[in-house]
Number of protein chains: 2
Amino acid sequence: MYKVTFKFEDGSQVENYATEGETLLELAQKSNVVIDAPCSGNASCGKCKIKLLEGQMESKKTRHITDDEFDQGWRLACISELTNDVEVLVPDIASAFKSRMKVADLSSKDEIQIFQQTKESIEFAGIDLHNSLDVVEVMMDPPSLDDTMPDNERLARALRKYMNLKTVRFPYSVLLKMPDVLRESDFTVKCVIRTTPDDMFVYDIFPKDYDVVIGGLAIDIGTTTVSALIINMETGEILAKASSGNGQIRYGADVINRIIESQKPGGQLRLQKAVIEETINPMVEQMCSSIGFSKKQIYRMCIASNTTMNHLFAGINADPLRMEPYIPAFFKTNSLFASDLGIDVNPDAHIIVAPNIGSYVGGDITAGTFVSMIWNKPEFSLFIDLGTNGELVFGNSDFLMSCACSAGPAFEGGDISCGMRATDGAIEACTIDKETMEPTCIIVGGEGEKPIGLCGSGIIDVISELYLAGIIDPKGKFIREGKRIKRDEYGTGSYVLAFEEEAGSVKDVEITEVDIDNFIRAKGAIFSAIQTMLVSLDFDVSMIDNVYVAGGIGSGINMQNAVNIGMFPDIPQEKFHYVGNSSLSGSYAMLLSTESERKVYEIAQNMTYMELSTVPSYMDEFIGACFLPHTDINLFPSVKARME
Amino acid sequence: MYKVTFKFEDGSQVENYATEGETLLELAQKSNVVIDAPCSGNASCGKCKIKLLEGQMESKKTRHITDDEFDQGWRLACISELTNDVEVLVPDIASAFKSRMKVADLSSKDEIQIFQQTKESIEFAGIDLHNSLDVVEVMMDPPSLDDTMPDNERLARALRKYMNLKTVRFPYSVLLKMPDVLRESDFTVKCVIRTTPDDMFVYDIFPKDYDVVIGGLAIDIGTTTVSALIINMETGEILAKASSGNGQIRYGADVINRIIESQKPGGQLRLQKAVIEETINPMVEQMCSSIGFSKKQIYRMCIASNTTMNHLFAGINADPLRMEPYIPAFFKTNSLFASDLGIDVNPDAHIIVAPNIGSYVGGDITAGTFVSMIWNKPEFSLFIDLGTNGELVFGNSDFLMSCACSAGPAFEGGDISCGMRATDGAIEACTIDKETMEPTCIIVGGEGEKPIGLCGSGIIDVISELYLAGIIDPKGKFIREGKRIKRDEYGTGSYVLAFEEEAGSVKDVEITEVDIDNFIRAKGAIFSAIQTMLVSLDFDVSMIDNVYVAGGIGSGINMQNAVNIGMFPDIPQEKFHYVGNSSLSGSYAMLLSTESERKVYEIAQNMTYMELSTVPSYMDEFIGACFLPHTDINLFPSVKARME
């Protein structure tokens, strides 16, 4: 056994023991040390770099490690076998993916504005905002020697009479509290109930003086990030909001790698635990304690996520999702309750799952489409969700068509050497001086925050600026030299946004030709998907009335720059709208309003899916889109004009 | 900390550490060492005797310990404070109550005959023997790229079409298995289902070739003993049978002491765990492994028990049961599922609870009354359940009246110095030679088994024989002397059934005047309850057509001897029927047959309850009955004749 010490930049450390031949990445995963490993440890992505401080490991040199870096001790964790005691430094650029949880400050209007807007637009569409949960107060005659009706019948009788119902059902949790609460409160109590026309389910029982708030939990389970709200189910008020990295990240950055990991022995349970016990439960805990709310008073929850995420969340075999004929276990399901999955809220809380429409278009898209309201307008709209993958929906009140494209995780910083998601330290916007080539960056976290990487919107800006400044050519190759341009031994260029000494990280924050190439392929996938879908419908970009952009790419996304690099079609700026995390606001809508929930099922039912890989022209479209902005510059007249 | 070593007669031992002043009984309870403590440790019953082998304890002498015994090291565990390291012997007479589990040998016809009879009598009464569980085989079209319906909808569609239903519901456990089973079995599967006219609940799913048996679990939770059956829900066949001591026994022998214990911090959970985790789950485990059956294939269960036992089983506050106005949390409940209580069968198994009619007449009586069939006959019948308490039901197809009497645990061997339940080593029958006063005993366990105590039927025989032989007078005082008659320092007599050297225990097996006095009060309670109930209805004993005696007193009960001591009314022997554990056979009936279940609810609904303590004449009746056979010998003409 070898002793391995993982050191972090904040000075903390974790120790564990490895067996002969175990890789550092494997040991890190066992030790709950999060090292980013988007390619699941097959040495292809180069993201799992760590720095050897003490001792020796069996480790190969790869194209991801320069000679200099190797001499300094940099290694890929996934191909470093442990054969001695070692001490390693886990750099922040990797641990930025660590499940850092953040409970939002709701005094900031920005955090809740979007949900207010969601509520208003639902109401505007004539959809009822209510759900089936309610609080009622009931008064009973106390028992006596002449009236010995047992507690449950006494309460059921009172509720039946009050509500004119046939049956009243109590779950075990309520039966358990009943004798004490009835007596403590002199047989006048408040009940949290769900009613249908002829029956009632009683979720909870409280003494009459208790101020009962019915809590609900809305969650967006992204492949990379999980976001959640606790709401007041009667008013729709946001009581708490939090976000966290998805604890599954250490088992692979994308859905395919997660599914592969889930097929290993114990994998399904491991991935389920990562998202529930290590991500959702701690978020609920923190949100509740921040507002002094009882977890057991969350009586309903809704999750919106892609199909793989909702299968892994439920612990259900997701392997069929990636194998022909790509069949999910469910599109929608009524089978899930909090107690089934070990979610630490009221055990009887029903889990609403935003419906999938297939393996590659899931509940995040159906819920997001609902809140985009494109289904409620005669004009043609395009809804684009830039998550760890890219999904598109196009249509109007008459039809909706969707497709998914393998854009990869670049928009959230994946597959990019200094990429990260839009958390503290991420460069989220950038301009580059055409003459001096000096950058001016905006960093998430604000003043004083040092840059440690680039998030999606930052990458778009940097590539657009590098291109417009003539620093890179349409293929993304560096064609100018200067202080900020580095070349490796093969002449491959990179642009340094922050030198090591200015950066919050242990190395330069830079963007390389490899990164740019990856990003061009990602944006090419999006643009070619838009083109292919429009062509198949005999549409062209001029007929698009609105583009709604959703996802974790960040509210700072500069639409003009996204057009400049050929990611979005060249249409007027005012047609673009950033709608933030529409999966979360969709989840909020479904949770709060039963009619919205029904509407999402209806949208899912009617949405058609286009499998791009079966469209012959898609590959040509894609290859054409893998340039800045496009091989056919006439598709981007405004960019053409600007370049001239 | 003092080291305490508990030694057992089988040579095994348990060690634990005590803090200063802790009593030996408290430490034993913590250490899972079962020392019988019917009085819950207040030095009143004298049952917790242990023998000090090594070291010293602070222990008072009480009336339960003679000088000789004290010198030999005998102490009451409940008043022995630990102040040194000690070694103690825990005698078998106490550990006979230990939760020894016994899986029945079903090749013996006796074990299952009663259930066969139960089935036959239900059928004879025209009641349907079916329940709502079924196995169906369904064939689906496998999915393809042109038919991408998800698994749950595909299966639901097939089941709906097949059964002509509106809705099909899958619990989480089924959704979890679904993708694998469907593919393993080429989309032809067997489902365990419950159907109502328009909906279906799917409990389980299996590959088509699997031989599916629908299992059910019937349980009788007695205060002292728990009995259980695993049955085939389609045929009613008994697949396994087991019994065990109720793990709660170490928290008190009767319901009142258990309720008191449950009110201590953590008490409710402790008592619930004692009966579920330490008693029922191990029984299920053993039964299943003895027949190679999967626990998860038990899809429904039924428990019959007294009101306190079903409240403690459910972990629900039972305190209101013992305090005016004596209100249970439930008479009947639909709220309990296996997963709620942590019972290790299918998590969705519904728990049927035989209905209570009040605090002192519970589901054991309503279920037992059902299988006695007294509700289905025009003749008047008396149903007597001799459990840890005594309950009576009198009536016919027109009316049913019940009452409970505080007979105490004497019929199961409680409150009797050498009392025990009818397990191996118990004297279950006895005759005593009028001249020599020598006993001839029948021991449970058969040939070679040495006597260690007396069970209920044995006590009845011994007292009847002692009385008829003129060894004791009508007050139960010893009036003859001899080798087998011992006298203590105060002249109090006892009769030795087996001297230490013949016994399987470490001391003489005897019956004392105190024991006889306790038993006379117990039988007096039964007889006076019968009398009081009959008188209140203007009946007399001659109008009783049948007496059904149920309970753990043992099939060996000699009805004539029970009449001789004035426990049962003096009517012809052929009117008496021993019906065994009617609570278990009632539970079996409710589990197997939905119509029987409904019938039991109906019986409970219509049964009236007579509170004896509010009947002025009851105390007089009781005092009159506290003689052998009665102060009014004319009530027992056949005994009078025999004595003359």
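The values are calculated or read from the model by the stated rules, or taken from the named source; none is laboratory data. As the structure is a prediction and not an experimental result, all values here were calculated from the model. Here Cβ is always computed from backbone atoms with ideal geometry, including for glycine, and neighbour counts include all displayed protein chains.
Would you kindly identify the strands (runs of 3 or more DSSP E) lying entirely within segment B:1-91 that contain at least 3 residues that are crowded, with 17+ Cβ neighbours inside 10 Å?
Correct list: B:2-8, B:49-54, B:74-76, B:86-90.
Which residue is nearest to the other protein chains (Cβ to nearest Cβ), if the candidates are limited to segment A:326-343 and must be in contact with a strand residue (DSSP E or B) (Cβ under 9 Å, 6 or more places away or on another chain) and closer than 18 Å to residue A:297 by Cβ?
Within segment A:326-343, the match that is nearest to the other protein chains (Cβ to nearest Cβ) is A:337.
For segment A:617-629, does any single residue satisfy the condition of being of a type in the set (S, T, N, Q), at pLDDT below 95 and assigned by TED's automatic domain parsing to the domain that holds residue A:389?
yes
With respect to residue A:103, is the statement that it is touching a helix residue (DSSP H, G or I) at 6+ places or on another chain (Cβ under 9 Å), touching a residue at least 60 places away in the same chain (Cβ under 8 Å) and crowded, with 20+ Cβ neighbours inside 10 Å true?
Answer is no for this residue.
Could you check residue B:356 against (1) in a loop (DSSP other than H, G, I, E, B); (2) facing chain A (nearest Cβ under 10 Å); (3) crowded, with 24+ Cβ neighbours inside 10 Å; (4) in contact with a strand residue (DSSP E or B) (Cβ under 7 Å, 6 or more places away or on another chain) and say which number it fails?
Tallying (1) in a loop (DSSP other than H, G, I, E, B); (2) facing chain A (nearest Cβ under 10 Å); (3) crowded, with 24+ Cβ neighbours inside 10 Å; (4) in contact with a strand residue (DSSP E or B) (Cβ under 7 Å, 6 or more places away or on another chain), residue B:356 fails exactly one: (4).
If I go through segment A:284-293 residue by residue, how many of them are touching a residue at least 12 places away in the same chain (Cβ under 8 Å) and either within 14 Å of the chain's Cα centre (by Cα) or surrounded by fewer than 21 Cβ atoms within 10 Å (Cβ to Cβ) (or both)?
5
How many residues are farther than 16 Å from residue B:364 by Cβ and in a helix (DSSP H, G or I) if we restrict to segment B:566-598? Even if it seems obvious, please write down each step before you answer.
First pass over segment B:566-598, keeping only residues farther than 16 Å from residue B:364 by Cβ: B:566-578, B:592-595, B:598.
Checking the rest, the ones that are also in a helix (DSSP H, G or I) come to B:573-575, B:592, B:594-595, B:598.
Residues meeting the conditions: 7.
So for segment A:136-145 (the condition being surrounded by 14 or more Cβ atoms within 10 Å (Cβ to Cβ) and more than 14 Å from chain B (Cβ to nearest Cβ)), does at least one residue qualify?
Yes, there is a match, as at least one residue in segment A:136-145 is surrounded by 14 or more Cβ atoms within 10 Å (Cβ to Cβ) and more than 14 Å from chain B (Cβ to nearest Cβ).
Of the residues that sit in segment A:297-325 and are touching a helix residue (DSSP H, G or I) at 6+ places or on another chain (Cβ under 8 Å), surrounded by fewer than 24 Cβ atoms within 10 Å (Cβ to Cβ) and more than 7 Å from every other protein chain (Cβ to nearest Cβ), which one is nearest to residue A:350 (Cα to Cα)?
A:319
Can you name the residue in segment B:147-167 that is closer than 15 Å to residue A:329 by Cα and touching a residue at least 24 places away in the same chain (Cβ under 8 Å) and is also farthest from the other protein chains (Cβ to nearest Cβ) among such residues?
Out of the qualifying residues, it is B:155.
Here are B:190, B:161, B:166: which of them is surrounded by fewer than 18 Cβ atoms within 10 Å (Cβ to Cβ) and in contact with an Asp or Glu (Cβ under 9 Å, 6 or more places away or on another chain)?
None of the other options fit; the residue is B:166.
Here's a check for you: in segment B:81-103, which residue that is at pLDDT below 50 and polar (S, T, N, Q) is nearest to residue B:244 (Cα to Cα)?
Applying the filter and picking the extreme gives B:99.
Residues in segment B:163-197 that are within 22 Å of residue B:233 (Cα to Cα), not in a strand (DSSP E or B) and not small (Gly, Ala, Ser): how many?
6
Any idea which residue in segment A:461-517 is farthest from residue A:427 (Cα to Cα), counting only those that are out of contact with any Ser or Thr (no Cβ under 9 Å at 6 or more places or on another chain) and polar (S, T, N, Q)?
Per the criteria, the residue is A:464.
Residue check, residue B:126 against (1) buried (at least 20 other Cβ atoms within 10 Å of the Cβ); (2) more than 25 Å from residue A:350 (Cβ to Cβ), all met but one. Which one?
The single condition residue B:126 does not satisfy is (1).
Can you confirm whether segment B:162-184 contains a residue that is among the acidic types (Asp, Glu) and at pLDDT 95 or above?
Yes - at least one qualifying residue is present in segment B:162-184.
Could you please find all residues in segment A:177-189 being within 7 Å of chain B (Cβ to nearest Cβ) and under 12 Å from residue A:202 (Cβ atoms)?
Scanning segment A:177-189 gives a single hit, A:178.
Restricting attention to segment A:361-378, which residues are of a type outside the set (A, V, I, L, M, F, W, C) and in contact with a Ser or Thr (Cβ under 7 Å, 6 or more places away or on another chain)?
A:362, A:363, A:364, A:368, A:372, A:376, A:377, A:378
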